[in-house]
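See below for the structure under consideration.
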Amino acid sequence: MRSPPVNRGISIVIPTLNGGRIFSEALETIGRQVYDGTIQLIVVDSGSTDGTVEAALKAGALVRRIDKGAFHHARTRNMAVSLAAFDRVIFMVQDAVPCSDEWLSQMGHGLEEARAAAAFAAQVPHGDATPYARFTTESIAAARLEAQALEGTQSLESLNKMPYDQAYRSVGLDNVCAIYRKELLEDTPFPDVDFAEDLAWAVKGVLLGYRILYLPHIQVRHSHNRSPEYAFRRQIVNSYWVAKIMGRVMEDLSYLSLGDLMHVSLSVRSLLLRVIKEGRHGLKGLEGEGLFADRLLKRYSLPQRIRMWAGFSITSRSVGGTSSGGERIARQATEDMACQLDWIENGYPPRDGDEWFQTLEQVAANILGRIYGEVYAGCVLKGRTAPRLEEFIRPFLSGV
């Protein structure tokens, strides 16, 4: 690896679109960093209308404006590398806020001390995070800390031999807050993927012998209070792109039919109704449009719904029938959901019925999204996706 230049500056790249209050808070925190080098702030904005650009300019950022439709997770970041003046480049997202005024110097030291190609910070939830957002953010952080002790990989063969979770964590990298050596980003740009460009770069980089480091002692605040619809969509997109990048799925569910998926959704809905009926945390009945599962089930055709709701069961694999595999995954989904709800209720207790209802919806949407995504990703990897499944899933593959 070439020796770094004398100038110890750091370039910080943040893609934005209507960053709002949290982005302004991030700019303030970056502005008061205790750092003995030069800071270059680069903001690539895709059409903000809420004052994000003006706030960035006021903070002294170099702002590059692009059309909203031109934003691309990989290509936009590769373009930003060409704007970076320094040999170390930090990529952040607009809703990540450093937790310390020493954050920048710590990121730089972490990269240099380990002689890594890239390193990424830990995430803690925002103060307004929902119970589910706190649960997922802290669970991911704990998994990454555990993975730090695992043996890494420097070959495709060893990566493929690892259990899925270990392989996934061994190439962990997260552009929520990550620092890179610019020369390596120039030699090995982010692969041209529509999602998970950080994971794709890590897979390629690790196989080239690059070392990637997790820095759990450096933290940024970052979490999402997502709607169940968005959470479901994001899980599908994540499953699809991770499978494309890693060439494998967490669990091969390609044998499940659309009828099986409908049965799984109905099973999750039944569990939700039972939990809601218990009235815990002051929850009283359904709210708004009802359950996310109801809205998801309405996407199936009327004949499919009639057959399933009527308890129609056939042994063939046609839509409307439920296979033994579908029954097994339905049981697994409800068990996973009950387990997650127990963890959240005990570790992140909701304040009232509204927050408990949000938790139920978010857990259900994420579990269902992962299952639907794994089914579709498994079919794509095998090159045989049923037309009806393709038609059902395709609308969910964008917008994240």
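Rule-of-thumb check for region 87-127: C-alpha Rg over 2.2 N^0.38 Å?
On the way: Rg = 11.1 Å, N = 41, 2.2 N^0.38 = 9.0 Å.
In units of the globular-protein estimate, region 87-127 measures up at 1.22.
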Query - Listed residues Ala96, Ala122, Ala141, most fluctuating in the chain (Gaussian network, C-alpha, under 10 Å) - result: Ala141
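Using 0.36 nm per residue of separation minus the Cα-Cα distance, give me the extension gain between Arg8 and Asp192 in nm, one decimal.
Working: separation 184, 0.36 × 184 = 66.24 nm, distance 2.98 nm.
So the chain would gain 63.3 nm between Arg8 and Asp192.
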**Report entry** Choice from Gly326, Gly290, Gly369 showing the highest fluctuation, given a GNM over the chain with Cα pairs closer than 10 Å
**Finding:** Gly290
Query - Virtual spin-label span in nm between Phe71 and Glu113, 7 Å along Cα→Cβ - result: 3.5 nm
Report task. List every residue whose amide H lies under 5 Å from the amide H of Phe86, counting only residues 5 or more places away in sequence or on a different chain, with H placed 1.01 Å from N in the peptide plane. Result -> Ser11
**Report entry** Virtual spin-label span in nm between Ser301 and Glu28, 7 Å along Cα→Cβ
**Finding:** 5.6 nm
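Can you pull a Stokes-Einstein diffusion coefficient for the chain at 10 °C (1.306 mPa s), Rh from Kirkwood over Cα pairs, as a whole number of µm²/s?
Numbers: Rh = 22.7 Å.
Rounded, D is 70 µm²/s.
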Query raised in the report: What are the principal axis extents of the Cα atoms in region 348-398, in Å, biggest first?
Result: 47, 17, 16
Report summary line: Projecting the Cα atoms of Ala196, Leu297, Val97 onto the charge dipole of the chain, where Lys and Arg contribute +1 and Asp and Glu -1 at Cβ, the residue farthest towards the positive end is Leu297
Query - Size of charge dipole - region 101-219 - debye, nearest 20, with Cβ of Lys, Arg +1 and Asp, Glu -1, no other charges - result: 280 debye
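Could you do me a favour and compute the accessible area per residue for the chain, 1.4 Å probe, result in Å²?
45 Å²
How much of the accessible area of the chain, probe 1.4 Å, is carbon plus sulfur, in whole percent?
Numbers: 9070 of 17940 Å².
Carbon and sulfur together cover 51 percent of it.
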Report summary line: Mean projected area (nm²) from the convex hull of Cα positions in region 188-306 is 11.8 nm²
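Which value results for Rg/Rh of region 193-236 when Rg is the Cα radius of gyration and Rh the Kirkwood radius based on the inverse mean 1/r?
Numbers: Rg = 14.6 Å, Rh = 13.4 Å.
Expressed as Rg/Rh, it is 1.09.
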Query raised in the report: How do 258-265, 386-393, 126-133 rank on mean C-beta neighbours within 10 Å, highest first?
Result: 258-265, 126-133, 386-393
Report summary line: Projecting the Cα atoms of Leu261, Ala147, Ala26 onto the charge dipole of the chain, where Lys and Arg contribute +1 and Asp and Glu -1 at Cβ, the residue farthest towards the positive end is Leu261
Query raised in the report: Across region 57-69, in residue order, what do the Karplus-derived ³J(HN,Hα) couplings come to in whole Hz, using 6.51 cos²θ - 1.76 cosθ + 1.60 with θ = phi - 60° and x for Gly and Pro?
Result: 4, 4, 7, x, 6, 7, 9, 10, 8, 9, 5, 4, x
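Taking the Cα centre of region 20-89 as the origin, how large is its charge dipole in debye, to the nearest 20, when only Lys and Arg (+1) and Asp and Glu (-1) carry charge on their Cβ atoms?
Numbers: 9 positive and 8 negative charges, 40 e Å.
Result for region 20-89 is approximately 200 debye, rounded to the nearest 20.
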Report summary line: Computed about the Cα centre, the charge dipole of the chain from +1 Lys/Arg and -1 Asp/Glu charges at the Cβ has a magnitude in debye, to the nearest 20, of 1020 debye
Requested in this report: Quick one: Debye curve from the alpha-carbon atoms of region 1-86 only, equal weights, vacuum; give me log10 I(q)/I(0) at q = 0.15, 0.20 Å⁻¹ to two decimals.
Outcome: -0.58, -0.94
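From the C-alpha coordinates alone, can you work out the Kirkwood hydrodynamic radius of region 86-189, in Å?
It is 15.4 Å.
Given the pairs Lys182/Lys204; Lys244/Lys382; Lys298/Lys382; Lys204/Lys244; Lys161/Lys244, which span a C-alpha to C-alpha distance of over 19 angstrom in this model?
Values: Lys182/Lys204 16 Å; Lys244/Lys382 11 Å; Lys298/Lys382 29 Å; Lys204/Lys244 13 Å; Lys161/Lys244 17 Å.
Going by Cα-Cα distance, Lys298/Lys382 fall outside the 19 Å limit.
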Report summary line: Taking every alpha carbon pair in region 154-218 and sorting the distances into 5 angstrom bins from 0 up to the bin holding the longest one, the percent per bin comes out as 4, 16, 28, 27, 17, 8, 1
Query - Where Rh is the Kirkwood radius over Cα pairs, Rg/Rh for region 19-140 - result: 0.96
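The values are calculated or read from the model by the stated rules, or taken from the named source; none is laboratory data. A quick note: this is a predicted structure, and the numbers were derived from the prediction, not measured. Note: ideal-geometry Cβ built from the backbone for every residue, glycine included; neighbour counts use all protein chains shown. Each accessible area value is taken on the protein alone, full model and side chains, heavy atoms only, with ligands, DNA and RNA left out. Shrake-Rupley method; radii C 1.70, N 1.55, O 1.52, S 1.80 Å.
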